[in-house]
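**Q** Can you keep this structure in mind? I'll have questions shortly.
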Amino acid sequence: MDQKTRVVLVEDHPEYRETVQLALKRTPDITLVGEFGTAERALRSLQRQWGEQQPDLILLDLALPGMGGLEALPQFLSVLPEVRIIVLTQSEREQDVLRAIALGASGYLLKSSTVKQITDGIRTVIGGGASLDADVAGVILDTLRTKLPKDEAADLLSPRELEVLSLIARGLLRKQIADQLGIATSTVVTHIAHIYEKLNVQNAPEAVAKAFHAGILPVDKRP
């Protein structure tokens with residue numbers, strides 16, 4: 001990749017900030033351009049004129065001192081409408097997951113994620129997708145229940161689109177979905193575009209949440 005993805009980290013624990021910093025230093029296509037211990041400091045900095053140096057993506061913790069991540073998330077998007085935000089947190093609570101998605105997060109990863117999962121998530125989001133931690137997908141699988149009769153939603157998605165969405169709900173990336181279904185990655189991308197259009201959503205977490213609410217996906221149980 002010719003141009004590095006510029007990332008800002010908003011995290012109050014110095015040790016974890018250092019861990020992410022060291023990991024991204026070893027990643028040639030991603031660069032950390034800012035680290036902040038509070039959302040207030042990050043917002044003040046981002047409100048200045050960054051010009052062409054503005055970040056492409058923000059890694060945002062939820063449990064921050066002062067202004068919490070959920071309160072800050074829409075403010076970051078107001079300051080930088082084009083920025084992508086991945087929540088990087090310890091919280092698996094359903095209300096946090098769904099609230100972050102509703103507020104515009106493009107991904108939701110847990111701090112237990114490996115360095116590879118975080119960097120892959122950054123690349124996925126920058127590429128126009130969304131990154132959903134497999135454990136977070138499990139939370140949605142366990143807690144969301146149908147809101148509409150299934151016969152009203154049954155015809156929304158084709159069988160193949162339903163297969164793709166089910167694999168998205170399990171946290172698989174596009175190439176992994178393609179490998180599992182034996183189809184091209186470009187075909188997966190097309191199916192995902194159709195899913196988003198039919199469900200009237202912008203990203204994978206929204207699609208999964210809406211599908212469960214509509215009764216399109218069954219409620220599996222994690223092992």
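**Q** Mind listing whichever residues of the stretch 105-127 are over 20 Å from PRO28 (Cα atoms) and more than 9 Å from the chain's Cα centre (by Cα)?
**A** Hits for the stretch 105-127 are LEU110, LYS111, SER112.
**Q** Which of the numbered conditions does PRO81 fail, given that it passes all the others? Conditions: (1) outside any helix (DSSP H, G or I); (2) out of contact with any helix residue (DSSP H, G or I) (no Cβ under 9 Å at 6 or more places or on another chain); (3) under 25 Å from GLY129 (Cα atoms); (4) touching a residue at least 24 places away in the same chain (Cβ under 8 Å).
**A** PRO81 satisfies all of (1) outside any helix (DSSP H, G or I); (2) out of contact with any helix residue (DSSP H, G or I) (no Cβ under 9 Å at 6 or more places or on another chain); (3) under 25 Å from GLY129 (Cα atoms); (4) touching a residue at least 24 places away in the same chain (Cβ under 8 Å) except (4).
**Q** In addition: Does PRO65 count as outside any loop (DSSP other than H, G, I, E, B), surrounded by fewer than 16 Cβ atoms within 10 Å (Cβ to Cβ) and touching a residue at least 12 places away in the same chain (Cβ under 8 Å)?
**A** no
**Q** Oh, and also: For residues in the stretch 98-119 being among the β-branched types (Val, Ile, Thr) and in contact (Cβ under 8 Å) with a residue 24 or more places away in the chain, which is nearest to ARG6 (Cα to Cα)?
**A** THR119
**Q** As an exercise: evaluate ALA153 against (1) surrounded by fewer than 21 Cβ atoms within 10 Å (Cβ to Cβ); (2) farther than 20 Å from SER91 by Cα; (3) more than 13 Å from the chain's Cα centre (by Cα); (4) at pLDDT 85 or above and give the number of the one condition it does not meet.
**A** (4)
**Q** Hey, ARG41 hits all of (1) part of a helix (DSSP H, G or I); (2) at pLDDT 90 or above; (3) crowded, with 22+ Cβ neighbours inside 10 Å but one; which does it fall short on?
**A** Checking ARG41 against (1) part of a helix (DSSP H, G or I); (2) at pLDDT 90 or above; (3) crowded, with 22+ Cβ neighbours inside 10 Å, the one that fails is (3).
**Q** Kindly list the number of the only condition in (1) modelled with pLDDT under 85; (2) in contact with a helix residue (DSSP H, G or I) (Cβ under 6 Å, 6 or more places away or on another chain); (3) farther than 28 Å from ARG26 by Cβ; (4) buried (at least 18 other Cβ atoms within 10 Å of the Cβ) that fails for SER131.
**A** Result: SER131 fails condition (3) only.
The values are calculated or read from the model by the stated rules, or taken from the named source; none is laboratory data. Remember, it's a predicted structure, so these values are computed and weren't measured experimentally. All Cβ positions, glycine included, derive from the backbone under ideal geometry; neighbour counts span all protein chains shown.
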